[in-house]
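Asks: Structure provided below as C-alpha cells; questions to follow.
The values are calculated or read from the model by the stated rules, or taken from the named source; none is laboratory data. The model shown is predicted, which means the values in this text are computed figures rather than measured ones. Don't worry about glycine lacking a Cβ; one is built from the backbone with ideal geometry, like all the others, and counts go over all protein chains shown. Surface areas here come from the heavy atoms of the whole protein model, side chains and all, with no ligands, DNA or RNA. Shrake-Rupley method; radii C 1.70, N 1.55, O 1.52, S 1.80 Å.
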Amino acid sequence: MSSTPRLRSLSGIKPTGQPHWGNYFGMIEPAVRLADDHDAFYFVADLHALTTVRDREALQRDSLGIAATMIAAGLDPATSTLWRQSDVPEVLELTWLLGCVTSMGLMERAHGYKDAKAKGKDLGFGAFAYPVLMAADILLYDSDVVPVGKDQVQHLEMARDMATWFNVAFMGAPAGGTVEDVKWDGRMLKKPNALVQSRTAIVPGVDGQKMSKSYDNYIAIFASQKELKKGVMAIKTDSKGLEEPKDPETCNVFQLFKLFATKAQQEELAAKYRGGNFGYGHAKLELLALAEAHFGPKRARYDELMARPDDLRDILAHGAHKARSVARPVIERVREATGLPARTW
Ligand code: ADP
Ligand code: TRP
C-alpha cells in the first residue's frame, strides 16, 4: 500500500538563556502541534547562538535546556528528530555555497543588519551572515513548513530567495523566473513556507513591547512558581483605580491571559474588566492561575529531564544521526550541481 509522504516541518531555536512565553506560543507550541502530522525536524541553533554567547558552560547548559523544553512541551523524540545544529557540519558547507549566490543587496536589507547600522553598532561577520546560515538550516533538509514567530518571516523570505538563486545558478532553473516558477523537482533546493500563527505572531512582554530576551521583558516558561508570580505581577498596566471600568483590549494582562484562556474564560474576564470594581491585581491572579495550570506539569517534566543530562545528550546524538542521513544526499546533489567532486570519504 502506498501512502503520501508526510510534509516536513522544521524549525530552530537558539540556546541563549531561558525560553519564554513568546518563544513558547510563537514557535514551540505550534511546532509541537505540527509534529502530529508532519515529519518534525527541530534543532538547537547553537551555531547561531555563538553570534552572541561567550560562555561555554552556558551554551552547553542552555542547549540541553532547549532539548528538554521541546520534549516537556510535548515533542516525542522517538517519532520526531531533535538535534544540535553544530552536529551536522554539512550545514556550514551549504552556508558557503548559498553565500556564493547571495547578493549584498539582499544581505543589507536584513532587519538585523539595518537595525545595527542605524544604531551605529559594529555587527560582526557572524551576525551579518546569520540569514545565510539560517537559509542553509532550512534548505539542507528539504523542508516544507517552518513554524516561527513573525520576527523570523524576513529570514524565511531570504531563504526562499537564496534557493531560487541557487537553483537558477546551478540547478538549471529558468533564469528570470519568479520564485514560484521554479518548481521543486527533487534535484533543486526546495522552497519552504513560513507558518506564523496569527494569534501568537507577536506575544507582548511585561512592558507591552514584543517579548524578547534582548528586552529583558520576558516571563520564562519554566520559571519557578515564585518567579512566575514575580513576572506576572510585574506586568505594566495603566493607573486606573479599582472601581473604574477598564478596557481589556488595551491591557497587557488581558492580552497574555488570552494565550491560555478558552473563549468563555476570555469573555468572563472581559466582562469583569468592563464592570468596574475589578483591579488589575485581580486580573493578574487569574492569569497566574491559568499559567501555572498550563506550565506546572510541563515544568515538572522539564526538571526531570534536566536531571538526566546524559539521556538528553543521547537523544540529541540520535537526532543528529537521523538529520545527517537526510542532509547528506542533499549536500551531495548540491555539490554535484556546482561541479565540486563527489565525496569519496
Ligand atoms: P528572542 O527574541 O527572545 O531572542 P528567539 O530569537 O530565540 O527569541 O526566538 C525563537 C523563536 O521564538 C522564533 O521562532 C521567534 O520568532 C519566536 N519568538 C520570539 N519572541 C516572540 C514573541 N514575542 N512572539 C512570538 N514569537 C516569538
Ligand atoms: N533565527 C531563529 C531565531 O532567532 C532561529 C533559527 C535558526 C531558525 N535557524 C532556523 C528558525 C531555521 C527556523 C528555521 O529564532
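Asks: Being under 25 Å from R301 (Cα atoms) and open to solvent by 50 Å² or more (accessible area, probe 1.4 Å) is the filter here, so list the residues in region 202-223 that pass it.
Replies: K213, Y218, listed by residue number.
Asks: On to the next question. Among the candidates D137, D115, D122, which residue alone is within 21 Å of T52 (Cβ to Cβ), within 16 Å of ligand 1 (Cβ to nearest atom) and either open to solvent by 80 Å² or more (accessible area, probe 1.4 Å) or outside the structural domain of G22 (by TED's automatic domain parsing) (or both)?
Replies: D115
Asks: Among the residues that make up region 89-110, is at least one of them at pLDDT 95 or above, under 30 Å from F295 (Cβ atoms), open to solvent by 20 Å² or more (accessible area, probe 1.4 Å) and in a helix (DSSP H, G or I)?
Replies: Among the residues of region 89-110, not one is at pLDDT 95 or above, under 30 Å from F295 (Cβ atoms), open to solvent by 20 Å² or more (accessible area, probe 1.4 Å) and in a helix (DSSP H, G or I), which makes the answer no.
Asks: Go through (1) in a helix (DSSP H, G or I); (2) of a type in the set (A, V, I, L, M); (3) surrounded by fewer than 22 Cβ atoms within 10 Å (Cβ to Cβ) and name the single condition I66 misses.
Replies: Only one criterion is unmet by I66, namely (3).
Asks: A follow-up question, please. Is it true that D142 is open to solvent by 10 Å² or more (accessible area, probe 1.4 Å), within 14 Å of ligand 2 (Cβ to nearest atom) and either more than 20 Å from A307 (Cα to Cα) or assigned to a loop (DSSP other than H, G, I, E, B) (or both)?
Replies: yes
Asks: From the residues in region 145-175 that are more than 16 Å from ligand 1 (Cβ to nearest atom) and assigned to a loop (DSSP other than H, G, I, E, B), which one is surrounded by the most Cβ atoms within 10 Å (Cβ to Cβ)?
Replies: My answer is A173.
Asks: Which of the residues that make up region 191-207 are among the charged types (D, E, K, R) and within 11 Å of ligand 1 (Cβ to nearest atom)?
Replies: R199
Asks: Sticking with this one: Quick check, is D76 surrounded by fewer than 19 Cβ atoms within 10 Å (Cβ to Cβ) and assigned by TED's automatic domain parsing to the domain that holds L316?
Replies: Judged against the criteria, D76 is a match.
Asks: When you scan region 241-284, how many residues do you find that are more than 27 Å from the chain's Cα centre (by Cα), of a type in the set (F, W, Y) and open to solvent by less than 20 Å² (accessible area, probe 1.4 Å)?
Replies: Here the count works out to 1.
Asks: Please go through region 242-276 and pick out each residue that is without any contact (Cβ under 8 Å) to a residue 12 or more places away in the chain and in a loop (DSSP other than H, G, I, E, B).
Replies: Hit for region 242-276 is T262, nothing else.
Asks: Another question, then. If you check L34, L7, which single one turns out to be closer than 18 Å to D137 by Cβ and away from ligand 2 (no atom under 13 Å from the Cβ)?
Replies: After applying the criteria, what remains is L7.
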